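Shown next, in structure tokens, is the structure this report addresses.
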Amino acid sequence: MIKLFHFKGVRYLFAAFCTLTFLLLFFVQINIPMQSDDYRYLSLGGDFSALTKHYLNWSGRLAADITSSTILSFFPKAIYSALNSLALVALLLLCSILPSLVIKEKLMPRDGITFLVLFFAYWVSNTNLGQTTFWIVGSANYLWTNFYILIFLCVFSIVTSRDAKAIYVPVVFLFGFTGGVTNENTGWITFLFVLFCYLHHRFDVRIRLMRFVYASGFLGGLLGWLTLILAPGNSVRANHPAFQGWYSRSIYERVDIHLYDRLMYFLGDYAFVFVLMIFVFAIQIAFASPEKLSISYEEKSRGVRENSSRQLFLFFIACGLLSALMLVGAPGIAPRTGNGTLIFFLMALSSLMYTCNRINTKISIHIIRYAGILSFTAVYFIPSYYLMQFSIQRTAYQEQVRNDLIRHAIKAGVDNVSIPDFYFSRLLKVRDRFDSYHNGHEMAKYHGGKLKNITKYDVSFDYGAIIKNDGVIQIEREIAHGLILHRAMFYSESRRPFLSKKNLVLFEFNASPSSTLIMGDNKVFFHFVDNTGKIFNSDIGRPSAIKIGNKFYYSRELPVGLLRKDVKSISFGVFDHLGRDSNISIRIKQ
């Protein structure tokens, strides 16, 4: 077997990058609230009979369903957040070392850069980051399934580089079956990869000794994929009324729609990773002659041809395109379904980086090359990560508000409660949000009590400021006609450009100003005065405040330059076109 980590420096570099990536992911993951189908799959509890019923009546994705129900049922949030973060780290690590395993060569310190590039590319190019990577049920379907596939590809490559042993046959079959039963448009790569490796190493004198291992891998992957696509639950789901409009069309019409209406938009989501491939290839050509590119291929073991990594690159590009074409049978293509296609393209990028890493040239040239590649990816990764981390952290505070409302409803013994939907601040891509589907009945079952349903309503501001804010001014004064202003809470959101913020204030009332101030043209004025005596007009008017619990809230952007720490006094009251009916002034203690 090839000793991949021949140099200590390689191990240390990979360990450092893996640790960094894990921490970046975990800091986001730990703030992801439970949502969508998390409640439903938690109720399955990893129970065999429940999973069997699910397989027979809804989905054939055994690997994904077992993963999501087990993780949610048996681990607390901190643990399953760590496991989910670790899954992506492990996937990218396997993706980075796969070319070396297939070509049967040692890793180099420069291969550690490949891991970092793949992580940046995965984050930026992801079609729906919140749903494929951080939503537990979504990641079980679109992250963990690809992880299982990568495990098989790497295990198969390792086993076929060693001397034949009987134990390899059932081991490879089991991993192949698990990889095959993952996802409809990606599980087939398990047996197709076996066929590729067989053709790739067909001149190897040892290939005949490993024929049973190849056969078991091929059959395991094929049987797993057939178990998935022929599942009774798929037929049941296809008869769902929501899908009848699609399945009532002829096969020719569906192919036409997929090829000419859906496919180009679907592939357009991978523009960044395609551009990155071209960039890496251009750098590879620019800094090495064809003679230098072939130097590291002179001593390949077992007769591997000089263009092995290029063949692997083309193979995974073809797999990515094929996975996109295979979605022709789907009645709709949710953005998250593209994660498998992205992983194939990342495998292709890894193969391209493998070739680039083995160019023999000066250290200074290597530094320039990798600085260019990493800078290109970091320009998009850094703002994307910053905005994602900020927005998701705010949803964690919103979850506390929602849970407080539910606890009060349970205590009151009611069977129905309405909670605000999640609000997301600016993201680099809107589709980076986690899933917005709301399963009120399953959510009510999870929380217990007498609750039978939990409904939701839209909120156009970050109500997490009720829990976490940048400062509060306690007011507790009646403005007019029984309208009481309890407090003003300061908070901020990201805005363009991504490092800047807009400052806002959230007003808390006992009633809605629009329904309370019914006399004439009454409106609420509100003025802040800073330490210099400058007046900042933040008139509220007569807005339709949103009710959360037993209070009403209205959010307003603050004038530029005003922060909570600068406020020295406030004045507010009611006015109409004739003048002010009330005027209250409060001095703020610093």
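Screening the candidates LEU276, LEU259, LEU267 for the property of being aliphatic (A, V, I, L, M) and farther than 30 Å from ILE359 by Cβ yields one hit, LEU259.
Restricting to region 511-539, name every residue that is part of a loop (DSSP other than H, G, I, E, B) and exposed (fewer than 15 other Cβ atoms within 10 Å of the Cβ).
Taking region 511-539 first, the residues part of a loop (DSSP other than H, G, I, E, B) are 511-512, 517-522, 531-534, 538-539.
The answer is ILE518, MET519, GLY520, ASP521, ASN531, THR532, GLY533, LYS534, ASP539.
Any residue at all in region 471-481 that is surrounded by fewer than 16 Cβ atoms within 10 Å (Cβ to Cβ) and in contact with a Phe, Trp or Tyr (Cβ under 6 Å, 6 or more places away or on another chain)? Looking for residues that are surrounded by fewer than 16 Cβ atoms within 10 Å (Cβ to Cβ) and in contact with a Phe, Trp or Tyr (Cβ under 6 Å, 6 or more places away or on another chain), one finds at least one in region 471-481, hence yes. Inside region 257-271, residues that are free of Cβ contacts under 8 Å to residues at least 60 places away in the same chain and within 15 Å of PRO331 (Cβ to Cβ) make up a count of 2.
Would you point out the residue of region 331-364, among those that are out of contact with any helix residue (DSSP H, G or I) (no Cβ under 7 Å at 6 or more places or on another chain) and either within 16 Å of GLN311 (Cα to Cα) or touching a residue at least 40 places away in the same chain (Cβ under 8 Å) (or both), that is surrounded by the fewest Cβ atoms within 10 Å (Cβ to Cβ)? Can you show your working first?
Looking only at region 331-364, we keep the residues that are out of contact with any helix residue (DSSP H, G or I) (no Cβ under 7 Å at 6 or more places or on another chain), and these are 332, 334, 362-364.
Still in the running and either within 16 Å of GLN311 (Cα to Cα) or touching a residue at least 40 places away in the same chain (Cβ under 8 Å) (or both): 332, 334.
On the way: GLY332: 10, ALA334: 14.
So, considering only residues that are out of contact with any helix residue (DSSP H, G or I) (no Cβ under 7 Å at 6 or more places or on another chain) and either within 16 Å of GLN311 (Cα to Cα) or touching a residue at least 40 places away in the same chain (Cβ under 8 Å) (or both), the one surrounded by the fewest Cβ atoms within 10 Å (Cβ to Cβ) is GLY332.
When region 225-237 is filtered for residues that are assigned to a helix (DSSP H, G or I), surrounded by fewer than 14 Cβ atoms within 10 Å (Cβ to Cβ) and in contact (Cβ under 8 Å) with a residue 12 or more places away in the chain, the ones remaining, listed by number, are PRO232, VAL236. For region 540-554, filtering for residues that are among the hydroxyl-bearing types (Ser, Thr, Tyr) and part of a loop (DSSP other than H, G, I, E, B) leaves 1.
Residue by residue, here is whether (1) at pLDDT below 90; (2) within 17 Å of GLU399 (Cβ to Cβ); (3) surrounded by fewer than 20 Cβ atoms within 10 Å (Cβ to Cβ); (4) under 25 Å from the mean Cα position of the chain (by Cα) holds:
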position: TYR457; (1), (2), (3), (4): no, yes, yes, yes
position: ILE466; (1), (2), (3), (4): no, yes, no, no
position: ILE484; (1), (2), (3), (4): no, no, yes, no
position: ARG487; (1), (2), (3), (4): no, no, yes, no
position: PHE509; (1), (2), (3), (4): no, no, no, no
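Go through region 96-121 residue by residue and tally those that are closer than 18 Å to THR160 by Cα and under 26 Å from the mean Cα position of the chain (by Cα). Residues in region 96-121 being closer than 18 Å to THR160 by Cα and under 26 Å from the mean Cα position of the chain (by Cα): 3 in total.
Say whether the condition of being outside any helix (DSSP H, G or I) and either among the polar types (S, T, N, Q) or at pLDDT 95 or above (or both) is met by at least one residue in region 359-376. Yes - at least one qualifying residue is present in region 359-376. Of all residues in region 409-428, at least one satisfies being surrounded by fewer than 20 Cβ atoms within 10 Å (Cβ to Cβ), touching a His at 6+ places or on another chain (Cβ under 7 Å) and either assigned by TED's automatic domain parsing to the domain that holds VAL28 or part of a helix (DSSP H, G or I) (or both).
If the condition is being within 19 Å of PHE152 (Cα to Cα), over 27 Å from the mean Cα position of the chain (by Cα) and not β-branched (Val, Ile, Thr), then region 222-235 contributes LEU222, LEU223, LEU226. Looking at region 110-214, the helices (runs of 4 or more DSSP H) lying wholly inside it that each contain 2 or more residues that are buried (at least 24 other Cβ atoms within 10 Å of the Cβ) and outside the structural domain of TYR55 (by TED's automatic domain parsing) sit at 144-159, 168-180, 189-200. State whether one or more residues within region 316-330 are assigned by TED's automatic domain parsing to the domain that holds HIS258, within 30 Å of TRP246 (Cα to Cα) and not in a helix (DSSP H, G or I). Yes, there is a match, as at least one residue in region 316-330 is assigned by TED's automatic domain parsing to the domain that holds HIS258, within 30 Å of TRP246 (Cα to Cα) and not in a helix (DSSP H, G or I).
Total residues in region 543-557 satisfying the condition of being surrounded by fewer than 19 Cβ atoms within 10 Å (Cβ to Cβ) and in contact with a strand residue (DSSP E or B) (Cβ under 9 Å, 6 or more places away or on another chain): the figure is 7. Restricting attention to region 104-125, does a residue exist that is modelled with pLDDT of 90 or more, polar (S, T, N, Q) and within 23 Å of SER436 (Cα to Cα)? Yes, the conditions are met somewhere in region 104-125. For beta carbons closer than 8 Å, sequence separation of 6+ or different chains, a first residue in region 44-73 that is within 14 Å of ALA231 (Cβ to Cβ) and a second that is among the basic types (Lys, Arg) and assigned to a helix (DSSP H, G or I), the qualifying pairs are TRP58/ARG237; SER59/ARG237.
Could you say which residue among PHE376, PHE390, PHE422 is aromatic (Phe, Trp, Tyr), closer than 24 Å to VAL273 by Cα and in contact (Cβ under 8 Å) with a residue 60 or more places away in the chain? Lay out the reasoning, then the answer.
Details: PHE390 fails: closer than 24 Å to VAL273 by Cα; PHE422 fails: closer than 24 Å to VAL273 by Cα.
When all the criteria are applied, what remains is PHE376.
Against the numbered list (1) surrounded by 12 or more Cβ atoms within 10 Å (Cβ to Cβ); (2) within 24 Å of SER59 (Cα to Cα); (3) modelled with pLDDT under 95, LEU222 comes up short only at (3).
I want to confirm something. Restricting to region 66-86 and keeping residues that are polar (S, T, N, Q) and closer than 17 Å to GLN35 by Cβ, which single residue is nearest to the chain's Cα centre (by Cα)? Before the answer, list the steps.
Here is the first cut: in region 66-86, the residues polar (S, T, N, Q) are 67-70, 73, 81, 84-85.
Filter once more, keeping what is closer than 17 Å to GLN35 by Cβ: 68-69, 73, 81, 84.
Values: SER68: 15, SER69: 19, SER73: 21, SER81: 13, ASN84: 11 Å.
By that ranking, first place goes to ASN84.
Taken over region 45-59, the criterion of being within 26 Å of SER436 (Cβ to Cβ), touching a Lys or Arg at 6+ places or on another chain (Cβ under 9 Å) and in a helix (DSSP H, G or I) is satisfied by ASN57 alone.
Just to be sure before I move on: is GLY338 modelled with pLDDT under 95 and either within 16 Å of LEU91 (Cβ to Cβ) or in contact with a Cys (Cβ under 7 Å, 6 or more places away or on another chain) (or both) in the structure I sent? Spelling it out, GLY338 is indeed modelled with pLDDT under 95 and either within 16 Å of LEU91 (Cβ to Cβ) or in contact with a Cys (Cβ under 7 Å, 6 or more places away or on another chain) (or both).
So that you can scan it fast, the table gives a plain yes or no per residue for (1) of a type in the set (A, V, I, L, M, F, W, C); (2) surrounded by fewer than 18 Cβ atoms within 10 Å (Cβ to Cβ):
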residue	(1), (2)
GLN29	no, no
ASP47	no, yes
LEU62	yes, no
PHE75	yes, yes
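Of all residues in region 383-400, those being touching a Ser or Thr at 6+ places or on another chain (Cβ under 9 Å) and small (Gly, Ala, Ser) number 1.
Whether any residue in region 301-312 is modelled with pLDDT of 90 or more and either buried (at least 16 other Cβ atoms within 10 Å of the Cβ) or more than 22 Å from the chain's Cα centre (by Cα) (or both) is what I want to check. Before you say what the answer is, go through the steps one by one.
Step one: filter region 301-312 for residues modelled with pLDDT of 90 or more, giving 312.
Going one step further and asking which of them are either buried (at least 16 other Cβ atoms within 10 Å of the Cβ) or more than 22 Å from the chain's Cα centre (by Cα) (or both), we end up with 312.
Checked region 301-312: at least one residue is modelled with pLDDT of 90 or more and either buried (at least 16 other Cβ atoms within 10 Å of the Cβ) or more than 22 Å from the chain's Cα centre (by Cα) (or both).
Within the span defined as region 266-275, one or more residues are modelled with pLDDT of 85 or more, exposed (fewer than 15 other Cβ atoms within 10 Å of the Cβ) and not small (Gly, Ala, Ser).
The values are calculated or read from the model by the stated rules, or taken from the named source; none is laboratory data. Note that the coordinates shown come from a computational prediction; the quantities given were computed from them, not determined experimentally. Ideal geometry is used to build each Cβ from the backbone, glycine not excepted, and the neighbour counts take in all protein chains shown.
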